[in-house]
Structures are given as structure tokens and as C-alpha cells.
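The values are calculated or read from the model by the stated rules, or taken from the named source; none is laboratory data. The structure displayed is predicted, hence computed values, not measured ones. Glycine also receives a Cβ, built like all others from the backbone with ideal geometry; neighbour counts cover every protein chain displayed. In case anyone asks, the SASA skips ligands and DNA or RNA and just uses the protein heavy atoms, side chains included. Shrake-Rupley method; radii C 1.70, N 1.55, O 1.52, S 1.80 Å.
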Amino acid sequence: MIVDLAWYALLGFFFAGYLVLAGYDYGIGLLLARGGPAGRRAALTALGPYFLGNEVWLVAAVGILFGAFPVLEGELLSGCYPAVAGALVGVILVIVGVQLRSRPTDERIRARWDRVVVVGSVLAASGWGVLLAALLQGVPRQAAGHVTGMSHLATPFAAATALTMLALVAVHGATFLTLRLPAADAAQVGRTARRLVPVALTAVALATVVGLLSDRVRDAVQRPAPAVLLPVLLVAALLVARAALDRRRPGWALVATGAALALPVALVGAALWPYVLVSTTDPGASLTVADAAASAPTLRLLGWVALPLLPALLGFQAMCWWVFRGRTDGRAPVYW
């Protein structure tokens with residue numbers, strides 16, 4: 001059980017890290033829908049050094065899911081296929097759009113690639129939001145061990161969670177730009193970030209109300225305390241971000257918006273424990289973490305593989321942030 005819990009926590013850590021780091025990728029992608037060519041180019045230049053490295057966290061999370069939790073991987077891909085497929089298509093569109101938009105010199109063609117990035121950002125953020133909602137509200141898993149139907153992905157709570165994820169990544173992306181753009185541009189995007197905080201708070205409130213009214217969510221949650229704590233901490237993180245933005249402390253603001261994206265992963269896992277999938281049709285078909293995990297020898301073998309990779313990934317991310325810690329005009333920002 002301890003080994004299963006450790007791998008479950010590691011899976012959550014990598015997925016939460018992916019949402020935090022790639023979250024500002026998608027947030028900046030959403031912001032490309034507004035502003036002129038120069039502003040869009042400046043935003044992508046600020047993102048450039050971190051872009052591909054952020055996606056590595058998703059690769060690591062998927063690797064752990066396939067290796068350490070093969071049963072869960074099968075159920076997620078079959079039972080939440082539209083959400084997962086939509087999110088992955090969005091990830092691909094963002095990568096392709098960012099990579100190819102700089103090649104043509106015609107601004108009209110670049111604008112088309114920018115629209116591809118916007119669409120990909122919407123798909124990625126909303127897809128992961130729907131997946132988290134499906135986990136929290138339960139899935140129609142039968143006694144035979146298979147999830148049937150897709151109705152659990154088309155609920156008011158799933159839609160509200162998708163909107164909340166979109167709002168959170170938008171705030172996160174705008175906050176990241178206040179840290180990276182030249183001071184004059186950062187002031188303007190900082191005002192955008194401050195205006196987006198109330199939007200995110202409204203989305204969190206809407207998802208909370210819809211979740212409280214949902215029988216699916218109430219029946220699926222095994223530990224109510226984390227489920228109640230989630231919206232409270234989300235609101236606190238967003239308020240801290242707004243206060244930091246008002247005081248021109250983009251470092252603290254980015255930490256707060258990053259926490260807002262990481263919290264749902266941690267608290268959804270805690271609210272469902274010891275289950276990873278709760279069946280809404282047959283309680284006996286609910287899938288525990290232990291049932292979803294691979295065998296003990298497999299987990300031990302994977303441990304020897306993950307042991308050197310984890311510090312290497314963390315070290316690379318820290319080095320990337322240290323090397324490119326200044327603004328794009330070469331000036332150091334006031335982080336704290």
C-alpha cells in the first residue's frame with residue numbers, strides 16, 4: 001500500500017507540475033486572441049526558452065500512468081476518450097502552431113498559426129478540466145471492469161470545470177508575461193492579469209455551486225474535507241495573486257496562480273482516496289489505487305528507472321529558470 005501510494009503521489013506530482021508549467025503556455029496561447037502582431041510575437045518570445053521543456057512533464061506523467069497504473073490507463077483512455085483525445089490534440093496544435101508560426105514572413109499566415117495556437121490552448125485546458133471533473137464526479141464503471149458510455153463527460157459540472165481551467169490558465173499566462181516582458185509591456189499585461197482574477201473567481205464559484213448541487217459529485221467523493229477545502233484554497237490563491245499583482249510582485253503572483261493549477265490535482269486525489277475511479281452505477285466496481293497499480297516487482301523496477309530521472313528533470317527545470325530569469329529586454333524583474 002505504501003509503494004502504491006508513493007507512485008500515486010508521484011503521478012499526481014508530475015501531472016500537477018505539467019499543469020503549472022504548461023498552464024502558462026496555454027494561458028499565453030489564449031491571450032494571442034487579443035493584441036496585434038508585435039504583442040503576439042513578444043509573448044511567444046517570452047515563452048520560448050521554457051516551451052518544449054514544460055511538455056516533458058506530461059510525457060513523464062503519461063509514462064508513470066502506463067507503467068505503474070496500467071489498469072487506470074486503460075479505463076481513462078476508454079472511459080474518458082473524448083476529453084483525453086481533445087486535450088492531446090490541443091497540445092499538438094499548440095506545439096505545431098508555436099513552432100511553425102515563426103517560419104513565414106507574411107503576417108497573415110502567422111495570424112493563422114496564432115489562431116491554431118488559440119484553438120489548441122482551448123482544447124488542452126478544457127480537456128484536462130473535463131478529465132479532472134470526470135474523476136471527481138465518478139464514472140459509469142460496470143462490474144465487468146469497463147466504463148460504459150460518455151454521459152459523465154457531458155455534465156454541467158464538467159462544463160463548469162472546463163471553464164474554470166480556462167480562466168485559471170489565462171490568469172497564469174498573463175501573470176507569467178508580467179514577469180518576462182519588458183517593464184512597459186509588463187505593466188499593460190499586468191492590468192489584464194488583474195482583470196482576469198475576478199473572472200477566475202467567478203468560474204471557481206460557479207463550479208463549486210454546480211458541484212454542491214450535483215448528486216454525482218456528492219456520491220463519488222470519499223473524503224469531503226479535501227473537496228470542501230479545494231474551492232477555499234483556490235479562492236485564497238487567486239486573492240494572493242491579485243494582491244501580489246497590485247504590489248508589482250510578479251514572482252509571488254506566479255507562485256499563487258501556479259498553486260491554483262496544482263491544487264485541483266492534489267485535492268481530487270485526496271478526495272477520492274483510496275479510490276482512483278468511483279463507479280456511479282455499481283459501488284463494487286469502483287477501482288482502488290491498489291487495484292489499479294502494477295505488480296510490486298514492476299513498481300520496484302520502475303523505481304530504479306525513475307530514481308535518476310526525477311532529479312535530472314527537476315535540475316533541468318531549475319537551470320532553465322535560472323538561465324532565463326530576466327526579462328526579454330535583458331533587465332532583471334522585481335520578483336518578490
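What do you reckon, is PHE157 in contact with a helix residue (DSSP H, G or I) (Cβ under 6 Å, 6 or more places away or on another chain), under 27 Å from PRO274 (Cβ atoms), touching a residue at least 60 places away in the same chain (Cβ under 8 Å) and open to solvent by less than 30 Å² (accessible area, probe 1.4 Å)? Considered against the rule, which asks whether it is in contact with a helix residue (DSSP H, G or I) (Cβ under 6 Å, 6 or more places away or on another chain), under 27 Å from PRO274 (Cβ atoms), touching a residue at least 60 places away in the same chain (Cβ under 8 Å) and open to solvent by less than 30 Å² (accessible area, probe 1.4 Å), PHE157 comes out as yes. From the list LEU93, LEU132, the lone residue that is in contact (Cβ under 8 Å) with a residue 60 or more places away in the chain and buried (at least 19 other Cβ atoms within 10 Å of the Cβ) is LEU132.
Filter the range 112-161 for residues that are of a type in the set (Lys, Arg) and within 30 Å of ARG41 (Cβ to Cβ); which is modelled with the highest pLDDT? Break it down stepwise before answering.
Of the range 112-161, the ones of a type in the set (Lys, Arg) are 112, 115, 141.
Cutting the leftovers down to within 30 Å of ARG41 (Cβ to Cβ) gives us 112, 115.
Details: ARG112: 86, ARG115: 89.
Here the answer is ARG115.
Please verify whether ARG194 is among the charged types (D, E, K, R) and open to solvent by less than 40 Å² (accessible area, probe 1.4 Å), treating the condition exactly as stated.
Considered against the rule, which asks whether it is among the charged types (D, E, K, R) and open to solvent by less than 40 Å² (accessible area, probe 1.4 Å), ARG194 comes out as no.
Among the residues of the range 14-23, is there at least one that is among the aromatic types (Phe, Trp, Tyr), open to solvent by 10 Å² or more (accessible area, probe 1.4 Å) and modelled with pLDDT of 85 or more? The answer is yes, given that some residue of the range 14-23 is among the aromatic types (Phe, Trp, Tyr), open to solvent by 10 Å² or more (accessible area, probe 1.4 Å) and modelled with pLDDT of 85 or more.
To keep it simple, each residue is scored yes or no on (1) in a loop (DSSP other than H, G, I, E, B); (2) surrounded by 18 or more Cβ atoms within 10 Å (Cβ to Cβ).
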residue: VAL228; (1), (2): no, no
residue: ALA243; (1), (2): no, no
residue: VAL255; (1), (2): no, yes
residue: ALA270; (1), (2): no, no
residue: VAL276; (1), (2): no, yes
residue: THR281; (1), (2): yes, no
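Being open to solvent by 20 Å² or more (accessible area, probe 1.4 Å), in contact with a Lys or Arg (Cβ under 8 Å, 6 or more places away or on another chain) and either part of a helix (DSSP H, G or I) or over 30 Å from ALA293 (Cβ atoms) (or both) is the requirement here; does ARG103 meet it? In short, no. Scanning the range 283-301 for residues that are closer than 15 Å to LEU10 by Cβ, open to solvent by 50 Å² or more (accessible area, probe 1.4 Å) and of a type in the set (A, V, I, L, M, F, W, C) yields one hit, LEU301. Could you look through the range 294-333, keep only residues that are in a loop (DSSP other than H, G, I, E, B) and among the hydroxyl-bearing types (Ser, Thr, Tyr), and pick out the one that is farthest from the chain's Cα centre (by Cα)? Taking the candidates together, the pick is SER295. Among the residues of the range 140-151, is any open to solvent by 20 Å² or more (accessible area, probe 1.4 Å), of a type in the set (D, E, K, R) and without any contact (Cβ under 8 Å) to a residue 24 or more places away in the chain? Checked the range 140-151: no residue is open to solvent by 20 Å² or more (accessible area, probe 1.4 Å), of a type in the set (D, E, K, R) and without any contact (Cβ under 8 Å) to a residue 24 or more places away in the chain.
Give the number of residues within the range 42-65 that are open to solvent by 40 Å² or more (accessible area, probe 1.4 Å), without any contact (Cβ under 8 Å) to a residue 60 or more places away in the chain and not aliphatic (A, V, I, L, M).
Of the range 42-65, the ones open to solvent by 40 Å² or more (accessible area, probe 1.4 Å) are 45, 48-49, 52, 56, 59, 62-63.
In the following step, the residues that additionally are without any contact (Cβ under 8 Å) to a residue 60 or more places away in the chain were identified as 48, 52, 59, 62-63.
Remaining after also requiring not aliphatic (A, V, I, L, M): 48, 63.
The total comes to 2.
If you go through the range 66-84 and keep only what is open to solvent by 30 Å² or more (accessible area, probe 1.4 Å) and hydrophobic (A, V, I, L, M, F, W, C), you end up with PHE66, VAL71, LEU77. Among the residues of the range 269-278, is any more than 30 Å from VAL235 (Cα to Cα) and not acidic (Asp, Glu)? No, the range 269-278 contains no residue that is more than 30 Å from VAL235 (Cα to Cα) and not acidic (Asp, Glu). Contact map, the range 162-183: residues that are surrounded by fewer than 24 Cβ atoms within 10 Å (Cβ to Cβ) and in a helix (DSSP H, G or I) paired with residues that are modelled with pLDDT under 90 and not basic (Lys, Arg), Cβ distance under 6 Å, separation 6+ or inter-chain. Pairs shown: LEU179/PRO250; LEU179/PRO333. A Cβ distance below 6 Å, combined with a sequence gap of six or more or placement on separate chains, defines the contacts here; from the range 295-323, residues that are modelled with pLDDT of 80 or more reach residues that are of a type in the set (A, V, I, L, M) and open to solvent by 50 Å² or more (accessible area, probe 1.4 Å) in the pairs LEU299/VAL3.
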